[in-house]
There are 2 protein chains.
Amino acid sequence: MHILVTNDDGVQAPGLLALAQAMRKFGKVTVLAPDKNWSASGHVKTMHRPMRVYETLLADGTPALTSDGAPSDCVALALLGIVEEKIDLVVSGINPHGNIGHDVTYSGTVTAAMEAVIAGIPGIAFSVNSMPEDSPLDYGPSAQAAQEIVERLLANGSLPKDVLLNVNVPYLKGEAFKGIQVTRQGLRLYNDELVRRTDPHGRPYYWIGGDFPTGVVEDGTDYGALSDGYISVTPLQLDLTAWQAMDMLKGWKWQADRRP
Amino acid sequence: MHILVTNDDGVQAPGLLALAQAMRKFGKVTVLAPDKNWSASGHVKTMHRPMRVYETLLADGTPALTSDGAPSDCVALALLGIVEEKIDLVVSGINPHGNIGHDVTYSGTVTAAMEAVIAGIPGIAFSVNSMPEDSPLDYGPSAQAAQEIVERLLANGSLPKDVLLNVNVPYLKGEAFKGIQVTRQGLRLYNDELVRRTDPHGRPYYWIGGDFPTGVVEDGTDYGALSDGYISVTPLQLDLTAWQAMDMLKGWKWQADRRP
């Protein structure tokens, strides 16, 4: 078993170290992760510039690769040949905040797993649902949860083609997880606000600020499971077709034929 | 009717001008688009740095706003208050290449429309399915197609909440479109290759290269409709739950309770 580990917080992030160490239980681990933080960077394919790949060391002294590409670029580079040995599984994380609801298309952690699935390799994104004030995080429990998820994957065969797993682990202090729930994607509630500031030269600049996002607590969803103290495992697909809107749209009066 | 126009190719791209001009038929048009090319940049929320917003002019002399944020940032900035007047519709494009199949999560054009829908505003992404050798493009037919789509939207009420439209127009030279098909998301076939080069100092750098992507020609899909000369209108949603995998995953033996 050969596992590629990446993340969106950068190769030196403690969450990546915890995940890489946890994955060594299952075989060989290769790390190729960004050289900087790419949070909320989305699904990137860098084609307008070349990318560099460097050797580095993780904080436990083990070798790793790092690139100036985005998380999804790191996966693409690895699978296109930077990593010569066949890769069986791509894991991404551990992200220090949950990737819940609409977060999944913004998230570098999740889009790295998407990139794996597009290339035909199973992909799993791991996040721990902490609050900003929880810092610094203890990744021990979430790394153990990541091991349990991968164990289940190996024990049950494989994932369907075109399906990735988005795993969110509650950040519990002292308590144990209640268990694991297979969930659907829930609803994030963003609290973004425009913050206008003025630079020393009198010119305005703008932050996307506001409070940390919350979510709709609903049974069967990622956010609902986390709120109850469960680990959330959400299968995600890359087919975004809104099937529920197809019939309505087909019923619109379209100009069927524009030829004279 | 107040329409926000953005794109991922930059505010001075001819496709944006064509779309902005076409939308003036329906009311007031405001442009807020990136100051550079963000192709394949994904769904971005820029929070680690502030953004600037500047006034500029389109090539037809009309005023526009431009920002150093990503396409989705431009939509967020506009809706969070940079544009004071209420926005009724967000359109993005016209992108000079198709956004088909898996392209939708990479595409700055499509993720700009996603950002609108997350904020509760209808969003439509417009792309023309040209080949690189078609350059420079005549945006006249695709701008006319964009008008037809928006006319249909207005005549039929609105889109369901959480649904955006991904519109792809075939690039036909001299022929007419055969009509409009409501489609599902098809399958892109990427032909990416790792291209290794060496800089003047003997150090390697890597391009994601290879041939232009193709797709699976299949009836009822975006790529199938385009291949037949039809305009493709695909409703997309932001719920990526892989429902077809839920039962299988629930059937895995999960450790139900980790408490002693």
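The values are calculated or read from the model by the stated rules, or taken from the named source; none is laboratory data. On a predicted model such as this, the values are computed, not experimentally measured, just so you know. Neighbour counts run over all protein chains shown; Cβ positions are idealised from the backbone, glycine included.
Is it true that residue A:244 is out of contact with any Lys or Arg (no Cβ under 6 Å at 6 or more places or on another chain), within 30 Å of residue B:80 (Cβ to Cβ) and modelled with pLDDT under 95?
Working: out of contact with any Lys or Arg (no Cβ under 6 Å at 6 or more places or on another chain): yes; within 30 Å of residue B:80 (Cβ to Cβ): yes; modelled with pLDDT under 95: yes.
Spelling it out, residue A:244 is indeed out of contact with any Lys or Arg (no Cβ under 6 Å at 6 or more places or on another chain), within 30 Å of residue B:80 (Cβ to Cβ) and modelled with pLDDT under 95.
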**OP:** Report yes if residue A:254 is at pLDDT below 95, at the interface with chain B (Cβ under 7 Å from one of its Cβ atoms) and touching a strand residue (DSSP E or B) at 6+ places or on another chain (Cβ under 9 Å), otherwise no.
**Re:** yes
Original post:
Limited to the range B:106-141, what total is found for residues that are within 14 Å of the chain's Cα centre (by Cα), farther than 30 Å from residue A:190 by Cα and of a type in the set (S, T, N, Q)?
Top reply: 1
Subject >> Residues (in contact (Cβ under 8 Å) with a residue 40 or more places away in the chain and more than 9 Å from every other protein chain (Cβ to nearest Cβ)) located in the range A:152-164 >> reply: A:154, A:161
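Within the range A:64-82, is there a residue that is outside any helix (DSSP H, G or I) and loosely packed, with under 14 Cβ neighbours inside 10 Å?
So the first thing to find is which residues in the range A:64-82 are outside any helix (DSSP H, G or I), and the list is A:64-70.
Checking the rest, the ones that are also loosely packed, with under 14 Cβ neighbours inside 10 Å come to none.
Looking through the range A:64-82, none of the residues is outside any helix (DSSP H, G or I) and loosely packed, with under 14 Cβ neighbours inside 10 Å.
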**OP:** Report, by residue number, each residue of the range A:231-251 that is part of a strand (DSSP E or B) and at the interface with chain B (Cβ under 10 Å from one of its Cβ atoms).
**Re:** A:231, A:233, A:234, A:235, A:236, A:237, A:241
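Kindly indicate which of B:127, B:107, B:135 is crowded, with 24+ Cβ neighbours inside 10 Å and more than 23 Å from residue A:71 (Cβ to Cβ). Explain how you work it out, then say what you get.
Numbers: B:107 fails: more than 23 Å from residue A:71 (Cβ to Cβ); B:135 fails: crowded, with 24+ Cβ neighbours inside 10 Å.
When all the criteria are applied, what remains is B:127.
Any residue in the range B:68-83 that is more than 8 Å from chain A (Cβ to nearest Cβ) and farther than 23 Å from residue A:190 by Cα? Full working, then the answer.
Restricting attention to the range B:68-83, the residues satisfying the condition of being more than 8 Å from chain A (Cβ to nearest Cβ) are B:68-69, B:71, B:74-75, B:78-79, B:83.
Next, from what is left, pick out any that are farther than 23 Å from residue A:190 by Cα: none.
Within the range B:68-83, not a single residue is more than 8 Å from chain A (Cβ to nearest Cβ) and farther than 23 Å from residue A:190 by Cα.
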Original post:
Quick one: residue B:137 ticks every box in (1) out of contact with any helix residue (DSSP H, G or I) (no Cβ under 8 Å at 6 or more places or on another chain); (2) modelled with pLDDT under 95 bar one, so which box is it?
Top reply: (1)
**OP:** Can you confirm whether the range A:216-230 contains a residue that is within 10 Å of another protein chain (Cβ to nearest Cβ), over 21 Å from residue B:70 (Cα atoms), assigned to a strand (DSSP E or B) and not acidic (Asp, Glu)?
**Re:** yes
Original post:
Could you give every pair whose Cβ atoms fall below 9 Å, whose first residue belongs to the range B:129-141 and is in a loop (DSSP other than H, G, I, E, B), and whose second residue is among the aromatic types (Phe, Trp, Tyr), counting only separations of at least 6 or pairs across chains?
Top reply: B:130/B:171; B:131/B:171; B:131/B:212; B:137/B:171; B:138/B:171
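Can you report the number of residues in the range A:95-128 which are part of a loop (DSSP other than H, G, I, E, B) and out of contact with any strand residue (DSSP E or B) (no Cβ under 8 Å at 6 or more places or on another chain)?
The qualifying residues number 2.
What about residue A:117, is it crowded, with 24+ Cβ neighbours inside 10 Å, touching a helix residue (DSSP H, G or I) at 6+ places or on another chain (Cβ under 6 Å) and closer than 25 Å to residue B:101 by Cβ? I'd like the intermediate steps shown before the answer.
Details: crowded, with 24+ Cβ neighbours inside 10 Å: yes; touching a helix residue (DSSP H, G or I) at 6+ places or on another chain (Cβ under 6 Å): no; closer than 25 Å to residue B:101 by Cβ: yes.
Judged against the criteria, residue A:117 is not a match.
Of all residues in the range B:168-219, how many are hydroxyl-bearing (Ser, Thr, Tyr) and in contact (Cβ under 8 Å) with a residue 24 or more places away in the chain? Spell out the reasoning first.
Pass one, the range B:168-219, residues hydroxyl-bearing (Ser, Thr, Tyr): B:171, B:183, B:190, B:198, B:205-206, B:214.
Checking the rest, the ones that are also in contact (Cβ under 8 Å) with a residue 24 or more places away in the chain come to B:171, B:183, B:190, B:214.
Counting residues in the range B:168-219 that are hydroxyl-bearing (Ser, Thr, Tyr) and in contact (Cβ under 8 Å) with a residue 24 or more places away in the chain gives 4.
Pick from A:186, A:179, A:157, A:120: which is at pLDDT 95 or above and at positive phi?
Values: A:186 fails: at positive phi; A:179 fails: at pLDDT 95 or above; A:157 fails: at pLDDT 95 or above.
Only one candidate qualifies: A:120.
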**OP:** Given the conditions (1) within 11 Å of chain B (Cβ to nearest Cβ); (2) within 18 Å of residue B:42 (Cα to Cα); (3) part of a strand (DSSP E or B), report the number of the one that residue A:92 does not fulfil.
**Re:** (1)
Original post:
Which condition does residue A:46 not pass, out of (1) β-branched (Val, Ile, Thr); (2) in a strand (DSSP E or B); (3) without any contact (Cβ under 8 Å) to a residue 40 or more places away in the chain, if it passes all the others?
Top reply: (2)
**OP:** Output the number of the condition that residue A:54 fails; it satisfies all remaining conditions of (1) touching a residue at least 24 places away in the same chain (Cβ under 8 Å); (2) among the hydroxyl-bearing types (Ser, Thr, Tyr); (3) not in a loop (DSSP other than H, G, I, E, B).
**Re:** (1)
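Within the range B:37-54, does at least one residue satisfy the condition of being aromatic (Phe, Trp, Tyr) and buried (at least 24 other Cβ atoms within 10 Å of the Cβ)? Before you say what the answer is, go through the steps one by one.
Looking only at the range B:37-54, we keep the residues that are aromatic (Phe, Trp, Tyr), and these are B:38, B:54.
Subset that is buried (at least 24 other Cβ atoms within 10 Å of the Cβ): B:38.
Yes, the range B:37-54 has at least one match.
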**OP:** Take the residues in the range B:186-212 that are among the small types (Gly, Ala, Ser) and surrounded by 14 or more Cβ atoms within 10 Å (Cβ to Cβ), then tell me which one is nearest to residue A:68 (Cα to Cα).
**Re:** B:209
Subject >> Members of the range A:189-225 that are at pLDDT 95 or above, out of contact with any Gly (no Cβ under 8 Å at 6 or more places or on another chain) and of a type in the set (A, V, I, L, M, F, W, C) >> reply: A:207, A:208, A:225
